[in-house]
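The values are calculated or read from the model by the stated rules, or taken from the named source; none is laboratory data. Predicted, not measured: the structure shown is a model, and the values here were computed from it. Ideal geometry is used to build each Cβ from the backbone, glycine not excepted, and the neighbour counts take in all protein chains shown.
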2 protein chains.
Amino acid sequence: MSQLWSQFVRELKPYVPGAQGGGEQVVKLNTNENPYPPSPRVTEVLRDFNAGDLRLYPQPESDDLVKTIARYHGLNTDQVFVGNGSDEILAHAFNALFRRNSPLLFPDLTYSFYPVYCKLFDIAYKKVALDASFQINVADYAGATGGIVFANPNAPTSLLLAQHALRDLLASAPDSAVLVDEAYIDFSSAPESRASAIALLNECSNLLVTRTLSKSRSLAGLRVGYALGSPELIEALRRVKNSFNSYPVDALASALAIASFEDEEYFQAMRQRVLAERARLVDALRARGFEALDSAANFLMVRHSSKKARGIYQGLHAKDVWVRYFDLPRIENYLRISVGSAEQNDALLDALDTL
Amino acid sequence: MSQLWSQFVRELKPYVPGAQGGGEQVVKLNTNENPYPPSPRVTEVLRDFNAGDLRLYPQPESDDLVKTIARYHGLNTDQVFVGNGSDEILAHAFNALFRRNSPLLFPDLTYSFYPVYCKLFDIAYKKVALDASFQINVADYAGATGGIVFANPNAPTSLLLAQHALRDLLASAPDSAVLVDEAYIDFSSAPESRASAIALLNECSNLLVTRTLSKSRSLAGLRVGYALGSPELIEALRRVKNSFNSYPVDALASALAIASFEDEEYFQAMRQRVLAERARLVDALRARGFEALDSAANFLMVRHSSKKARGIYQGLHAKDVWVRYFDLPRIENYLRISVGSAEQNDALLDALDTL
């Protein structure tokens, strides 16, 4: 029956996310979820939400949430776009900005959904090798005209590209939209104003920044992400979105996302807890013969001085400790480990000690 | 800055949904929302939902919801696909099934999002005129190879194509995927087994049926829809979805959608209330000089014997009664009016009497 499919469907290689489920006994450190719950304010708004209101469509442009995000980042509402998770926004951005006559550029090691979007939208791309220490070499992207995309901090490397380097990259490719995927930026130990590309928005009209509420705001289950950029780039996303799905963000998701932004104190406190646990986990892993890349994210990219990553991965899995292993060139000996709660991290360390 | 856009973005003509908002005083009969709230079971599940669980990603394939829907319709889980509203599913279906070498066929009057999807995915299409009484003439679609799509009951006409005609159509275009958009089917007064295309699923492997929880289940604000079809067609949707967004249905939306299916008694009761109000509204409008097409939906397509639709639309709008007017050939003298609650319908009738 596949003769009823559009031709390109046969050639798709869908993205495979880290495993979900597994039950209560699993120590789940494989998909970079936050070990702490969302703000109590989210629970409050959930409790007070009138299910009867769900009979009406939500705001098509999620006006209230857009306003909240614009205010939070000190931007105008025409610089903000929201979507059903940042993955949906990435999909729209690839379609809206990267179907060009020259190839899209992205690092050889970065979020593995990028080449999948390229296949979906028939976008030519070129992978640009990270340097020997897994850093982005900005000069490699100069003069690009087909678009540039990378995660910052990058995944799965966990490394942050410094703001001054971001500025250089943006200036060196003025004819190219540059998408900086900041899913993990809130876990940088530097303050946002000195780490995020957001500080460059007003000087770089070719910049689009994506964010998610899934990681630092503990709302992976809610599917809300957003993009920040020049009004021209945001307008491109709106046009594609309104040719695809008028109402991608449901009324409850919008209300709970707003609630999360209303509790800055909790947000900062949980952020600091993750950073403290990350520091402790790095030390404990080093003491066990691992080296870790310098993480600005809520996960660690580690390799052991003598043991193979695949074997450690399998050994941990057998003990119900889930981490992520990518069977890919250059990182076939690394494990990506989400920073869990103190209890989860202890369980990981215990499991490693018994391997 | 639009030189940073993909070329096709400039040419998009996004879909424009009926207006939202307007405030408490508006009698909102313009977007076919249900006047009654969702089942109390939805409220119960909402109240009991643990916001802490939102820190984890939802099931990528929405397994629990898929199982619930499969059981409800007596199908296998590989015949069910869920998405972020049926609009998202339609988008994926157009992409997955209608990017063909021959044009997609759909009626000249049907859901106006269809040509928008075609523009987005560069799908050639041919509009096939409904007959003089706005009915689909099945013979016009025989031998199609590029795909067929229409709403049944059709929108904005409100007319139902009989099941035997559906069967003929499906048999006459075996090399074409046929998408029957049943957003409104629950408002047919015939029982589902004699009205819906679902009864034909096991004999027609080229059939895909889409459904929404927005109308008959009063959950427009939640954004949940589903598709039913042969495993081959469902697999095409899965491949495209997993190249676009791994987790389109959030954990809360999934839980509340399941809750809705758990309360069949309420569902049937509200359905009957809408049907009863529809009958009353048709009689009252006829008594005021309107003629109405024979509606199998939760809206009426009406025209007045002497007054222009545009003037009535504007007059109602000035009185805070919102209905939908399409400035389109053949229906420029019709109004589409959602069936509201008894109070809303009375307010509409009162407003008409004072015009």
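Applying the condition of being without any contact (Cβ under 8 Å) to a residue 40 or more places away in the chain and hydrophobic (A, V, I, L, M, F, W, C) to region B:67-93 and asking which residue is nearest to B:Ala151 (Cα to Cα) yields B:Ala91.
Table: residues versus (1) in contact with a strand residue (DSSP E or B) (Cβ under 6 Å, 6 or more places away or on another chain); (2) within 21 Å of A:Ile185 (Cβ to Cβ); (3) within 12 Å of chain B (Cβ to nearest Cβ).
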{"residue": "A:Tyr247", "(1), (2), (3)": "no, no, yes"}
{"residue": "A:Leu252", "(1), (2), (3)": "no, no, yes"}
{"residue": "A:Ala257", "(1), (2), (3)": "no, yes, yes"}
{"residue": "A:Ser260", "(1), (2), (3)": "no, yes, yes"}
{"residue": "A:Met270", "(1), (2), (3)": "no, yes, yes"}
{"residue": "A:Arg273", "(1), (2), (3)": "no, yes, no"}
{"residue": "A:Ala276", "(1), (2), (3)": "no, yes, no"}
{"residue": "A:Arg280", "(1), (2), (3)": "no, no, no"}
{"residue": "A:Asp283", "(1), (2), (3)": "no, no, no"}
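Just checking, which of B:Ser196, B:Ser216 is more than 9 Å from every other protein chain (Cβ to nearest Cβ), farther than 18 Å from A:Phe244 by Cα and free of Cβ contacts under 8 Å to residues at least 40 places away in the same chain?
B:Ser196
Of all the listed residues (A:Ala255, A:Ala220), the sole one being surrounded by fewer than 23 Cβ atoms within 10 Å (Cβ to Cβ) and among the aliphatic types (A, V, I, L, M) is A:Ala255.
What's the number of the only condition in (1) crowded, with 24+ Cβ neighbours inside 10 Å; (2) touching an Asp or Glu at 6+ places or on another chain (Cβ under 7 Å) that A:Phe81 fails to meet? Of (1) crowded, with 24+ Cβ neighbours inside 10 Å; (2) touching an Asp or Glu at 6+ places or on another chain (Cβ under 7 Å), only one is false for A:Phe81: (2).
When the criteria are applied in full, A:Leu161 fails the requirement of being modelled with pLDDT of 95 or more, buried (at least 24 other Cβ atoms within 10 Å of the Cβ) and under 20 Å from A:Gly229 (Cβ atoms).
Matching residues to (1) touching a Ser or Thr at 6+ places or on another chain (Cβ under 6 Å); (2) farther than 22 Å from B:Ser86 by Cβ; (3) assigned to a helix (DSSP H, G or I):
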| position | (1), (2), (3) |
| --- | --- |
| B:Ala132 | no, yes, no |
| B:Asp140 | no, yes, yes |
| B:Gly143 | no, yes, no |
| B:Phe150 | yes, no, no |
| B:Pro153 | no, no, no |
| B:Pro156 | no, no, no |
| B:Leu160 | yes, no, no |
| B:Leu166 | no, no, yes |
| B:Leu169 | no, no, yes |
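Being assigned by TED's automatic domain parsing to the domain that holds B:Asn34, assigned to a helix (DSSP H, G or I) and either in contact (Cβ under 8 Å) with a residue 12 or more places away in the chain or of a type in the set (Lys, Arg) (or both) is a condition met by at least one residue of region B:285-303. The listed residues are B:Leu29, B:Leu46, B:Leu12, and the only one of them that is of a type in the set (A, V, I, L, M, F, W, C) and in contact with a strand residue (DSSP E or B) (Cβ under 9 Å, 6 or more places away or on another chain) turns out to be B:Leu29.
The residue that is nearest to the other protein chains (Cβ to nearest Cβ), counting only those in region A:56-86 that are assigned to a helix (DSSP H, G or I) and in contact with a Gly (Cβ under 7 Å, 6 or more places away or on another chain), is A:Gly85.
Looking at B:Ala51, is it under 22 Å from the mean Cα position of the chain (by Cα), buried (at least 19 other Cβ atoms within 10 Å of the Cβ), at the interface with another protein chain (Cβ under 9 Å from one of its Cβ atoms) and among the small types (Gly, Ala, Ser)? It is false that B:Ala51 is under 22 Å from the mean Cα position of the chain (by Cα), buried (at least 19 other Cβ atoms within 10 Å of the Cβ), at the interface with another protein chain (Cβ under 9 Å from one of its Cβ atoms) and among the small types (Gly, Ala, Ser).
When the residues of region B:1-46 are filtered to those that are closer than 26 Å to B:Gln268 by Cβ, within 7 Å of another protein chain (Cβ to nearest Cβ) and not hydroxyl-bearing (Ser, Thr, Tyr), the one that is surrounded by the fewest Cβ atoms within 10 Å (Cβ to Cβ) is B:Pro37.
Residues that are over 23 Å from B:Leu219 (Cα atoms) and within 14 Å of chain A (Cβ to nearest Cβ): does region B:127-142 have at least one? Scanning region B:127-142 turns up no residue that is over 23 Å from B:Leu219 (Cα atoms) and within 14 Å of chain A (Cβ to nearest Cβ). In region A:338-351, the condition of being part of a helix (DSSP H, G or I), crowded, with 21+ Cβ neighbours inside 10 Å and modelled with pLDDT of 95 or more is met by at least one residue.
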